[in-house]
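Heads up: the structure comes next, in structure tokens.
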Amino acid sequence: QVQLVESGGGLVQPGGSLRLSCAASRTIFSINTMGWYRQAPGKQRELVATIARSGSTNYADTVKGRFTVSRDNANRTVSLQMNILKPEDTAVYYCNALYGGIGYWGQGTQVTVSS
């Protein structure tokens, strides 16, 4: 099993930045894919970005060039640097780990982009 705890959400003005972090309860070295998803009110959960053990990344078109996902295996964390935030980025952001064929989720952290 893997427990995931997100942090770093909050309220930010359009054009601002936030950095989300996800701490795992176990080593993530053996976890092939980790990433971030988000869910806005009234919408389905959607992929934001993923990062494989190899370091290869995948981004939703809506965040390419603005968001950067990274992982620190030694510290068992995955981060999401979000720049040039837009109101449409407002959502609950969830950390995800795919391990042993099972997807694990954190409890989510709220990101609100508003002036």
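Things worth noting here:
- Residue identified as at positive phi, surrounded by 13 or more Cβ atoms within 10 Å (Cβ to Cβ) and in contact (Cβ under 8 Å) with a residue 60 or more places away in the chain among GLY15, GLY106, GLY8: GLY8
- Residues located in the stretch 96-115, provided they are within 12 Å of the chain's Cα centre (by Cα) and not in a loop (DSSP other than H, G, I, E, B): ASN96, ALA97, TRP105, THR109, GLN110, VAL111
- Residues in the stretch 56-72 that are touching a Phe, Trp or Tyr at 6+ places or on another chain (Cβ under 7 Å) and within 15 Å of CYS95 (Cβ to Cβ): PHE67, VAL69.
- Residue count for the stretch 8-53, restricted to those that are of a type in the set (Ser, Thr, Tyr) and under 10 Å from the mean Cα position of the chain (by Cα): 3
- Evaluation of GLN81 against (1) surrounded by fewer than 17 Cβ atoms within 10 Å (Cβ to Cβ); (2) more than 15 Å from SER7 (Cα to Cα); (3) at pLDDT 95 or above; (4) not hydroxyl-bearing (Ser, Thr, Tyr) (one fails), failing number: (2)
- Cβ pairs under 9 Å, 6+ apart, first in the stretch 47-68 and at negative phi and surrounded by fewer than 19 Cβ atoms within 10 Å (Cβ to Cβ), second assigned to a loop (DSSP other than H, G, I, E, B) and β-branched (Val, Ile, Thr): ARG53/ILE28; ARG53/ILE31; ARG66/ILE84
The values are calculated or read from the model by the stated rules, or taken from the named source; none is laboratory data. No experiment lies behind these values; they were computed from the predicted model shown. Positions of Cβ are backbone-derived with ideal geometry, glycine not excepted, and every protein chain shown enters the neighbour counts.
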